[in-house]
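Data first, discussion second: the structure below is written as structure tokens.
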Amino acid sequence: MRVEYFEFGKINIDGQVYTHDIVIINNRLIEKREKRLSRSLKARFNHTPLTTAENIPWNCATLVVGTGMNGRLPVTEEVRARAFEMNVELIVKTTPEALSYINDKDTNLILHITC
């Protein structure tokens with residue numbers, strides 16, 4: 001996969017522009033992050049956090065979470081505990097930093113694009 005550009009609110013991967021949060025599975029499948037199940041915690045975190053209620057792609061050795069341009073996406077303790085239980089290395093970085101993992105073997109990514 002090739003990131004052609006990333007800017008606040010927009011990313012271009014292999015010629016396709018995304019303006020919403022995305023999940024990259026097995027370096028080939030890109031899906032929209034379905035965060036509706038986490039929205040109930042928005043007031044508590046001042047932002048919709050990443051929670052275990054979402055469909056997180058645990059079928060990997062490493063899960064990289066890009067927390068946005070400014071690192072504003074909260075990752076709940078439940079996600080961290082689940083990663084530990086699943087024996088998945090969890091890496092939490094800003095989205096620009098997380099992009100360096102985009103083609104790593106056995107790595108899935110969740111990228112916050114919108115802030």
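Laboratory data are not the source of any read-out in this text; all were calculated from the coordinates shown. Computed from a prediction, not measured in an experiment: that's the story for all the values here. Counting neighbours? That spans all protein chains shown, and the Cβs are built from the backbone with ideal geometry, glycine included.
What the table shows:
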read-out: Dipole of the chain, positive end: most advanced residue of Thr114, Ile13, Trp58 [Cβ charges, Cα centre]; value: Thr114
read-out: Set of lysines near Lys35 by C-alpha distance (under 23 Å), chain-local residues within fewer than 8 positions excluded; value: Lys10, Lys93
read-out: Exposed-site-free run, longest, the chain (rule: trypsin sites (Lys or Arg not before Pro); DSSP loop; at most 15 other C-beta within 10 Å); value: 29-71
read-out: Cβ-Cβ FRET estimate between Phe84 and Tyr18, R0 fixed at 30 Å, reported to 0.05; value: 0.55
read-out: Answer label for Rg and Dmax of the Cα atoms in Å (calculated), chosen among [x] 13.0, 37; [y] 17.2, 54; [z] 14.9, 48; value: [x]
read-out: Proximal lysines to Lys42, defined as alpha-carbon separation beneath 18 angstrom and excluding residues fewer than eight positions away on the same chain; value: none
read-out: Rounded to the nearest 20 debye, dipole of the range 21-111 from Cβ charges on Lys, Arg, Asp, Glu; value: 380 debye
read-out: Cα gyration tensor category, rounded, prolate or oblate, for the range 43-98 with a/c compared to 1.5; value: oblate
read-out: Relative contact order, percent, the chain [alpha-carbon distance under 8 Å, six or more residues apart]; value: 33 percent
read-out: Helix-only mean residue ellipticity at 222 nm for the chain, each DSSP H run of n ≥ 4 adding -39500 (n - 2.57), per residue, nearest 500; value: -3000 deg cm²/dmol
read-out: Whole-Hz couplings from phi, Karplus 6.51/-1.76/1.60, listed for the range 6-17; x for Gly and Pro; value: 9, 9, 3, x, 7, 9, 10, 10, 6, x, 9, 9
